[in-house]
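Colleague: Before we start, here is the structure in question, set down as structure tokens.
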Amino acid sequence: MIRFAFAGLAANKVRSALTMLGVLIGVASVILLLAVGNGSSTAVKNSITALGTNSLTVTSGSGGGARTSSTVKKLTVDDARALANPAAAPDIKSVAPVVTTTATADYGNISYTPGSVIGTYPAYFETANQKIASGDYFSADDVLNSAKVAVIGSTTAQQLFDTENPVGKTISLGGTPLTVVGVLQTKGATGFTDPDDVVIAPLPTVQNAFTGFGSVNQILVQATSADTTTQAQSEITQILMGTHSLTDPTKLDFRVSNQTSLLSTRESTSQTFTVLLGAVAAISLLVGGIGITNIMLVTVTERTREIGIRKALGAPKAVILGQFLTESTLLSVFGAGLGVAAGIIGSHFSVVGIKPVVIPSSVFGAFGIAVAIGLFFGSYPANRAASLRPIDALRHE
Amino acid sequence: MARRARAKRSAGSAVAEAAEPAVQQVPPPVIQVRRLTKSYGHGDATVHALCGPWDPQTDEPLGVSLDIEPGDFVAVMGSSGSGKSTLMNILGCLDVPTAGRYLLDGIDVGHLDESQLSLVRNRKIGFIFQSFNLVPRTSALAQVELPLAYAGVRAAERRKRALAALALVGLSERADHKPNELSGGQQQRVAVARALVTAPAMLLADEPTGNLDSRSTEEVLAIIDGLNATGRTVVLITHEDEVAAHAKRVIRLVDGQVTSDVRQGPAGGPPPVLARQLAAAQAQQAQQTGALIGGRS
């Protein structure tokens, strides 16, 4: 029976190939698009762990209340000091005020503008999960002395020094000479910004050279553990309400954001994205299935006479049904098999900056659904063929 | 030439076979048709393809009644539209009559469902069509194996019987050829092999020579003669007198009615054409023998 089905399909090679192509595209797109969606959510998950799960960020700005900018009190180093009081905030492990700016760095005749210049305390490195690859972090003493030292990210190092070892070299950042004491480990791009394209220097050094000793952009707080972030968050709110002399907790001029919750929002967004991609792919699989029905109907019409002959020779209904079902199932099995191959090969290339991660269940699922579609969409034409009256089938021209 | 010799041999054995049932009882007819009618359409637009004589009182068709004995070779003749194809389709269980009873080999076909009908077609009837009706893209051997496959015969047995059937029609060397690689006559001989491979109760041939040249016509008819000589019942539909001359009984249909039913030879024994050839051969042999005895040159 399978031999007959093969012969039937081989009789119209182009037609069979095009039908298979329909299923192939459907299956391949299901696998590939789900892999892309999965890849992006994996990337988000990785960036959550990269950021550290017990870090909190305090930024200035109203939390949605209708307040004019004049009444908004900026965050200051004093706020950070208040937060660093272990008596008032037992769940806070460390505090790092952060100022961000941009400046052009020069080394020899190479000039490069890193993505950001950060001025902060040594606690920043641990809180932001920044690990050193070579050299060392700058120390608390460097902060106190406003030492002209810097730790640079791997992208910045690559741009300025290429293959040279940057540790011990002096770069000129916006005219201020800074000695590179360490290079950070590569974190890898997680979205549109490159976390490795940074220069990190002691807070007073950056304030002195660029931003001035006013406010800070944000305060990075590390809770004692991932479980205490909620308590730490309320302690921060209490303390900063005190320093900013606020009484109404609904009208705050700062915002404490939990990195984990921020990123879990992004993760759920990417899951929605995956579902949407999957739905699009499923539609193309359905279209492939309709293609099978269409071709099988054409085949049945074309071979009506042959069906008549077979019936005259005493072919039972089940045999005719089986033959056409085998043909449509073969079409879908081959199409799905090639689609799986195409999907897996396609997932080795990165799509719009996202490295697709193939979900094994999607491969089996897509294959299974394609075969089921072959059976389901093939059953109508097959049943039509099997139900033909022999005399009508034989008279068909 | 080889085929003709074979036909003679089988003809010889057929005489012995045909004698046997006569010694026993009268065998039941292969086909028993009682008051069979077939009409298309409704009301005033009704067309009676098969009606038989009309009842003078009620003006209703009385239907066609017909008996065909085992071993008979019946030719059904008539112009197009006479109802002969309709009769053939009903006899072949491809179509159902509007009214009447049809007993094939003792089985009332009217009470069978679709799957039982396909079984009857497979076991009881061998079809030969005017347009050959071979399955496209399938080798001659596979064509002949097809009805056996539907009957559930095992592959080895199937192959053996299919090859034997192909040998009988003289196409052993063409077993691997597809229909488009065979001539019209060869295709029809494959169709004959396919029809006889299941050893059916009846061969049903619908204008088997209609699409063939005269030489192929002779070949195919000789095979059919040979099959009938071995006791196979044959019902043949034609509009050519030369073809009908091969039959032992000729039924003429006009406008759905049987107008004449002529017997050209006994139901048992070889068909008329073969019988004449046999007689001629015997006469020639006798003459030769006589010549030898007589000593004349």
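Colleague: Is at least one residue of region A:355-373 without any contact (Cβ under 8 Å) to a residue 60 or more places away in the chain and β-branched (Val, Ile, Thr)?
Modeller: Yes, region A:355-373 has at least one match.
Colleague: Evaluate the following for residue A:108: is it within 27 Å of residue A:75 (Cα to Cα) and small (Gly, Ala, Ser)?
Modeller: Answer is no for this residue.
Colleague: Could you check residue A:241 against (1) without any contact (Cβ under 8 Å) to a residue 60 or more places away in the chain; (2) crowded, with 20+ Cβ neighbours inside 10 Å; (3) under 21 Å from residue A:78 (Cβ atoms) and say which number it fails?
Modeller: (2) is the only condition that residue A:241 fails.
Colleague: Quick check, is residue A:179 open to solvent by 20 Å² or more (accessible area, probe 1.4 Å), β-branched (Val, Ile, Thr) and outside any loop (DSSP other than H, G, I, E, B)?
Modeller: Numbers: open to solvent by 20 Å² or more (accessible area, probe 1.4 Å): yes; β-branched (Val, Ile, Thr): yes; outside any loop (DSSP other than H, G, I, E, B): yes.
Against the criterion (open to solvent by 20 Å² or more (accessible area, probe 1.4 Å), β-branched (Val, Ile, Thr) and outside any loop (DSSP other than H, G, I, E, B)), residue A:179 qualifies.
Colleague: Of all residues in region B:87-103 being free of Cβ contacts under 8 Å to residues at least 60 places away in the same chain and assigned to a helix (DSSP H, G or I), which is surrounded by the most Cβ atoms within 10 Å (Cβ to Cβ)?
Modeller: Here the answer is B:90.
Colleague: Hey, another quick one. Consider region B:74-86. How many of its residues are among the polar types (S, T, N, Q) and not in a loop (DSSP other than H, G, I, E, B)?
Modeller: Let us first name the residues in region B:74-86 that are among the polar types (S, T, N, Q), namely B:79-80, B:82, B:85-86.
Still in the list and also not in a loop (DSSP other than H, G, I, E, B): B:85-86.
Total meeting the criteria: 2.
Colleague: Can you tell me which residues in region B:104-129 are part of a strand (DSSP E or B) and either at positive phi or open to solvent by 10 Å² or more (accessible area, probe 1.4 Å) (or both)?
Modeller: B:107, B:108
Colleague: With closer than 24 Å to residue A:315 by Cβ, assigned to a helix (DSSP H, G or I) and either away from chain B (no Cβ under 14 Å) or at pLDDT 85 or above (or both) as the only criterion, which of A:47, A:16 stands out?
Modeller: A:16
Colleague: Then there is this: Exactly one of these conditions fails for residue A:328: (1) open to solvent by less than 30 Å² (accessible area, probe 1.4 Å); (2) more than 17 Å from residue A:24 (Cα to Cα). Give me its number.
Modeller: (2)
Colleague: Name, by its number, the condition in (1) more than 14 Å from chain B (Cβ to nearest Cβ); (2) at negative phi that does not hold for residue A:307.
Modeller: Among (1) more than 14 Å from chain B (Cβ to nearest Cβ); (2) at negative phi, the lone unmet condition for residue A:307 is (1).
Colleague: Right, next: Just give me the residues in region B:104-145 being without any contact (Cβ under 8 Å) to a residue 24 or more places away in the chain and more than 12 Å from chain A (Cβ to nearest Cβ), in sequence order.
Modeller: B:107, B:108, B:109, B:110, B:111, B:112
Colleague: In addition: Listed residues A:334, A:364, A:349; which is over 20 Å from residue A:10 (Cα atoms), open to solvent by 10 Å² or more (accessible area, probe 1.4 Å) and either modelled with pLDDT of 90 or more or part of a helix (DSSP H, G or I) (or both)?
Modeller: Working: A:334 fails: over 20 Å from residue A:10 (Cα atoms); A:349 fails: either modelled with pLDDT of 90 or more or part of a helix (DSSP H, G or I) (or both).
Of the residues listed, the single one that is over 20 Å from residue A:10 (Cα atoms), open to solvent by 10 Å² or more (accessible area, probe 1.4 Å) and either modelled with pLDDT of 90 or more or part of a helix (DSSP H, G or I) (or both) is A:364.
Colleague: Hey, can you tell me all the residues within region A:115-143 that are in contact (Cβ under 8 Å) with a residue 24 or more places away in the chain, farther than 25 Å from residue A:223 by Cβ and more than 24 Å from the chain's Cα centre (by Cα)?
Modeller: Scanning region A:115-143 gives A:117, A:133, A:134, A:135, A:136, A:142.
Colleague: Which residues, counting only those in region B:41-77, are in contact with a Leu (Cβ under 7 Å, 6 or more places away or on another chain), more than 23 Å from residue B:224 (Cα to Cα), touching a residue at least 24 places away in the same chain (Cβ under 8 Å) and open to solvent by less than 60 Å² (accessible area, probe 1.4 Å)?
Modeller: B:50, B:52, B:63, B:64
Colleague: A further question follows. Search region A:182-197 for residues being part of a loop (DSSP other than H, G, I, E, B) and at pLDDT 85 or above, and hand back the single one that is most open to solvent (accessible area, probe 1.4 Å).
Modeller: Once the filter is applied, the top-ranked residue is A:185.
Colleague: For region A:71-114, what are the residues that are among the hydrophobic types (A, V, I, L, M, F, W, C), open to solvent by 60 Å² or more (accessible area, probe 1.4 Å) and either in contact (Cβ under 8 Å) with a residue 12 or more places away in the chain or not in a loop (DSSP other than H, G, I, E, B) (or both)?
Modeller: A:110
Colleague: Let me ask you something else. Kindly evaluate residue A:153 against the criterion of being crowded, with 18+ Cβ neighbours inside 10 Å, under 24 Å from residue A:355 (Cβ atoms) and of a type outside the set (S, T, N, Q).
Modeller: Answer is yes for this residue.
Colleague: Output the number of the condition that residue B:80 fails; it satisfies all remaining conditions of (1) touching a residue at least 24 places away in the same chain (Cβ under 8 Å); (2) in contact with a strand residue (DSSP E or B) (Cβ under 7 Å, 6 or more places away or on another chain); (3) small (Gly, Ala, Ser).
Modeller: Of (1) touching a residue at least 24 places away in the same chain (Cβ under 8 Å); (2) in contact with a strand residue (DSSP E or B) (Cβ under 7 Å, 6 or more places away or on another chain); (3) small (Gly, Ala, Ser), only one is false for residue B:80: (2).
Colleague: Does region A:124-141 hold any residues that are buried (at least 21 other Cβ atoms within 10 Å of the Cβ) and either in a loop (DSSP other than H, G, I, E, B) or of a type outside the set (Val, Ile, Thr) (or both), and which are they?
Modeller: A:124, A:128, A:130, A:138, listed by residue number.
Colleague: Within region A:316-338, how many residues turn out to be within 14 Å of chain B (Cβ to nearest Cβ), of a type in the set (Gly, Ala, Ser) and more than 20 Å from residue B:148 (Cα to Cα)?
Modeller: So the answer is 0.
Colleague: Would you check which residues across region B:163-179 are within 13 Å of another protein chain (Cβ to nearest Cβ) and without any contact (Cβ under 8 Å) to a residue 40 or more places away in the chain and list them?
Modeller: none
Colleague: Out of (1) in contact (Cβ under 8 Å) with a residue 40 or more places away in the chain; (2) within 14 Å of chain A (Cβ to nearest Cβ); (3) farther than 17 Å from residue A:319 by Cβ; (4) out of contact with any strand residue (DSSP E or B) (no Cβ under 8 Å at 6 or more places or on another chain), what's the single condition that is false for residue B:182?
Modeller: (2)
The values are calculated or read from the model by the stated rules, or taken from the named source; none is laboratory data. On a predicted model such as this, the values are computed, not experimentally measured, just so you know. Note: ideal-geometry Cβ built from the backbone for every residue, glycine included; neighbour counts use all protein chains shown. Accessible surface areas use protein heavy atoms only, side chains included; no ligands, DNA or RNA. Shrake-Rupley method; radii C 1.70, N 1.55, O 1.52, S 1.80 Å.
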